[in-house]
Structure formats: C-alpha cells, structure tokens
Amino acid sequence: MTTILITGATSGIGLGLAQRLHAQGHRLIVTGRRQALLDEVTAAHPGMTGYRNDISDAGQVASLAARLASDHPDLSTVILNAGIMQSERLGPDQTPLSVAEDTVATNLLGPIRLTHALMPQLLARPQAHIVTVSSGLAFVPLAATPTYSATKAAIHSWTQSLRFQLEGTAISVHELAPPAVQTDLMPGQRSNPHAMPFDAFIDEVMAILTRDPVPGEILVERVQFLRRAEAEGRHAEVFETLNRNFRTPG
Ligand SMILES: NC(=O)c1ccc[n+]([C@@H]2O[C@H](COP(=O)([O-])OP(=O)(O)OC[C@H]3O[C@@H](n4cnc5c(N)ncnc54)[C@H](OP(=O)(O)O)[C@@H]3O)[C@@H](O)[C@H]2O)c1
C-alpha cells in the first residue's frame, strides 16, 4: 500500500485515478478548491483524505506541503494533475491578461512549487514517484488555448529535466500526457465526440501503470498522433488539421 497525493481530484482525470487507486487499497490524499466536492469524494471513499487547496497560490502550496510532512510522512507518490484550460484571444479584442497569468500559476508554477516543497520528504522515502500531467497539446499546440498549450509544453520540458536530475535517487519521474478526454476541463468537452471516452482513458492509463517498469511517459494510444507528430515529420500537417478543422480541446 502506497500513500498517494493527487492534486485536482475533485473531478475528471484526477478523481478517476483516485477512485481506481483507492479501490486497489492505496491511501489517497486528494486536493482541489471545491470543498463540497472534496466532502463528497472523501465521504464516498473511506480512508481517503481531502485537503482544500489552490495550487496557484504559493502560500497555500507551502501550507499543504507542511501539512503533508506532519500528517503523512509516508507520502511517496505525487500526481501533479490540477490544471485549467481556457480559450484566449491574442489579437484584436484580446482576452484579459489574468487568464494567461492564472493558467501559468496553476499549470506550471503550481507543480514546480509543490515539487520543490515536497522534495525533502520524497527524497527521504526508500522509493518515491512524481507524476506530472502534460497533454498531447504539449507537442502540437491548440492555437485557441495558447497559454494552456505553452504551459503543457513547459511541463514536458521541465519533467525531462527533473527526471535527468533525479537519476540515481529513489524518486522516479513520469509524465502522463493525455489526449482530449471527455471531462469538464472545457465547456462541452464531456460530450465532444472527438475526445476519448473517460472510462476507456482511465482503463488504459491504469493498465500502463501495471507495467514494470512504469514508462517515463504514460501515453495512451490515442495521444500518439500528437506525441509523435514532430518525430514522424507530420507536425505542420497536424497543426493545420488540429487548428483549422477540429478545434478539439485537451
Ligand atoms: N481532459 C482532457 O482532455 C485533458 C487532456 C490533456 C491534459 N489534461 C490535463 O488533465 C488534468 C485534469 O484535467 P481534467 O480533464 O480532469 O479536467 P477537470 O475535470 O476540470 O479537472 C481539473 C481538476 O483540477 C482542479 N483544479 C483546477 N484549478 C485548480 C487550482 N487552482 N488548485 C487546485 N486544484 C485545481 C479542479 O478542482 P477544483 O475546481 O475543485 O479546484 C479539478 O479537480 C489537467 O492538468 C489537464 O490539463 C486533460
């Protein structure tokens, strides 16, 4: 049994993974901003702990890390899942800058700050795991969500560096890069026929997590179209297809 923290587990992918991992007998700590949902999730899953936390707030990240160190010294797996995705206009009639700033604070600074704060605790464990959550859009950007796509590309890059620097320590580093999945990440996404059905996505991720060793990049088949676009010389074509035809979030 492992003690696992999942940020942003009040809904969507974080909640789906928390439910499956809890069912396997792991001790789960889940976070999010919506207290009512945290109460619901923890009530439905005996032994699960919920902490209200805004990952975009440096002070709240520091408090969370302190609480984890005192109340959960056996924490050994951290899934940095919390994220937001918002459309932005960059040209005429441009979107207020606060959208881009919130996106960077949540999707990029949040995981970096929390990893920094938890590093001493994780290094003290005999074995530990850090899982970042990027996106297929880390590899080919969706122009309608420019800062989102940029934060996910940055998370991919940062995860590579983290993995390299932690070689030889007891911490293994993984990156989950989902394709578009039917969640409430963006309005209408749950019923978007171009997005991957939620249960199929969670099933495939859980199957990858049983591999020994778990791969550095946790990639379901559906994301390979984006993940391999550059390597296979399709980047320009995929960029056009993604941005001119589908306008699919994720
Ligand atoms: N679904 C997709 O198509 C897709 C594709 C690629 C990558 N991803 C990534 O997967 C992750 C989960 O997304 P999802 O699809 O499951 O969307 P979701 O259902 O909207 O879940 C997002 C989760 O993040 C939490 N969150 C958002 N802002 C937060 C903050 N400031 N502090 C703490 N928690 C926060 C939300 O909880 P509260 O609102 O309660 O705070 C919620 O639990 C995200 O990082 C997303 O970028 C999703």
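Summary table
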read-out	value
Rg/Rg_globular for the stretch 155-203, with Rg_globular taken as 2.2 N^0.38 Å and Rg from C-alpha atoms	1.59
Shape of the stretch 110-250, Cα gyration tensor, a/c cut at 1.5	prolate
Rounded FRET efficiency, nearest 0.05, which uses the C-beta distance separating SER11 from ARG89 and R0 of 35 Å	0.85
The chain, helix-only ellipticity at 222 nm - DSSP H runs n ≥ 4, -39,500 (n - 2.57), divided by all residues, nearest 500	-12000 deg cm²/dmol
Carbon/sulfur fraction of accessible area - the stretch 1-49, other protein chains in place, 1.4 Å, %	50
Of ALA18, ALA44, ALA124, the one that fluctuates the most in a GNM where the chain has Cα springs shorter than 10 Å	ALA44
Per-residue SASA entry for THR95, accessible area with 1.4 Å probe, Å² rounded to 10	30
Neighbour cut-off at most 10 other Cβ (10 Å), DSSP loop, trypsin sites (Lys or Arg not before Pro), the stretch 147-250	ARG211
As computed over the stretch 42-173, the Cα convex hull volume per residue (Å³)	124
Sequence-separation-based contact order of the chain, relative, with Cα cut under 8 Å and 6+ spacing, percent	17
Sulfur and carbon atoms: percent of accessible area, the stretch 106-250 [1.4 Å]	55
Cα-based Kirkwood hydrodynamic radius, the stretch 3-246, one decimal, Å	18.5
The stretch 1-83: trypsin sites (Lys or Arg not before Pro) in DSSP loop, at most 13 other beta carbons within 10 Å	ARG34
Once exposed loop GluC sites (Glu not before Pro) are cut out (DSSP; at most 12 other Cβ, 10 Å), longest piece of the chain	1-166
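The values are calculated or read from the model by the stated rules, or taken from the named source; none is laboratory data. Just so it is clear, the model here is predicted, and its values are computed rather than measured. Counting neighbours? That spans all protein chains shown, and the Cβs are built from the backbone with ideal geometry, glycine included. Calculation scope for accessible area: heavy atoms of the full protein, side chains included, ligands and nucleic acids excluded. Shrake-Rupley method; radii C 1.70, N 1.55, O 1.52, S 1.80 Å.
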